[in-house]
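The values are calculated or read from the model by the stated rules, or taken from the named source; none is laboratory data. All values derive from a computational prediction rather than experimental measurement. Note: ideal-geometry Cβ built from the backbone for every residue, glycine included; neighbour counts use all protein chains shown. Side chains included, ligands, DNA and RNA excluded: accessible areas come from the protein's heavy atoms. Shrake-Rupley method; radii C 1.70, N 1.55, O 1.52, S 1.80 Å.
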Amino acid sequence: MKKLILVTSPPACGKTFISRQLAGALQHVVYLDKDTLIPLSKQIFAVAHQPYDRSSIFFEKYIRDLEYQVILDLAMEALLYDDIVLINAPFTQEIRDDAYIATLRKELAKKEAELVVIWVDTDPEVCHQRMIDRASDRDIWKLTHWDEYILGVNFEPPMNLKLKNQPDSLLIFHNSSDEEFAKSMQEIVAQLESTVKKGRRPRTPRRL
């Protein structure tokens, strides 16, 4: 069975590093990072004569949802050609929206694929320090207003995504220490490879 994997979490939990490590360890995988779209998003800010602020009302209204739509469209295309597509993106609102997830699962079923969400579980204080260390312009508002920001962040895993008939529907990647990272990486790669291999079929050329 093909898989669309969403690696999700609040900012600075380690999504990008973990996503790249997983993509490198898995076989037959296409890696997509929503941050690749940031230069295009910056251009929208510039054309609209708006300050670059990914926490702004302008971003939420005109850019955010479009970024997610584009990255998912790319993923759906990639599933035609490989067994696993892994997206590195927060999907903060989407993963807790049952209707959104149900629609996504129906679209994936048409491509004989399943949804897997890997939730990166990291202690908030560890996230705070990682955000300071990476010194990204996208974090300026968050760090400046840390107490206000952290109140609006949900660090609880989205248990609504867990399916009884799909053991890998929701996987928790613990990442507050090097030991947790190593253990989670080994266990999750093994679980994903085993389920994909069971449904893997010989490839046939596609006519474009």
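Side notes on the structure shown:
- Expressed as a fraction of 2.2 N^0.38 Å, the value expected for a compact globular protein of N residues, the C-alpha radius of gyration of the chain is 1.05.
- Annotation: amide H of Leu171 within the under-5 Å range of Val117, Ile118, Trp119, sequence separation 5 or more or interchain, hydrogens built in the peptide plane.
- Label-to-label distance, Asp53 versus Gln129, with points set 7 angstrom from Cα along the beta-carbon direction: 3.1 nm.
- Placing unit charges on the Cβ atoms only, positive for Lys and Arg and negative for Asp and Glu, gives the chain a dipole magnitude near 1160 debye about its Cα centre.
- Estimated FRET transfer efficiency (Ile38, Gln69; beta-carbon r; R0 22 Å; 0.05): 0.90
- When the listed pairs Lys3/Lys142; Lys15/Lys183; Lys2/Lys61 are checked against a 21 Å cut-off, the alpha-carbon distance exceeds it for Lys3/Lys142; Lys2/Lys61.
- Between Ala182 and Ala25, the contour length at 0.36 nm per residue exceeds the Cα-Cα span by 55.3 nm.
- Of the residues Pro157, Tyr100, Pro90, the one whose Cα sits farthest towards the positive end of the charge dipole of the chain is Tyr100 (charges of +1 on Lys and Arg Cβ, -1 on Asp and Glu Cβ, taken about the Cα centre).
- For the chain, with +1 on Lys and Arg beta carbons and -1 on Asp and Glu, the positive-most of Cys13, Leu79, Val117 along the dipole: Leu79
- Atom-type composition of the exposed protein surface of segment 85-208 places 54 percent of the accessible area on carbon and sulfur (1.4 angstrom probe).
- Basic side chains Lys and Arg get +1 at the Cβ, acidic Asp and Glu get -1 at the Cβ, and with that the dipole of segment 53-123 about its Cα centre reaches some 220 debye.
- Amide H within-cut-off set for Lys2, under 5 Å, with H built and near neighbours excluded: Glu114
- Accessible surface, per residue, of segment 17-155 when the full set of protein chains is kept, probe 1.4 Å, Å²: 55 Å²
- Our estimate of slack between Asp97 and Asn160, defined as 0.36 nm per intervening residue step minus the Cα-Cα distance, is 21.8 nm.
- Cα centroid separation - segment 158-191 against segment 1-33, whole Å: 12 Å
- In the chain, helices alone account for a calculated mean residue ellipticity at 222 nm of -14500 deg cm²/dmol, with every DSSP H run of four or more residues adding -39,500 (n - 2.57).
- Taken along the Cα-to-beta-carbon direction at a fixed 7 Å, the label points for Ile140 and Gln191 span 4.0 nm.
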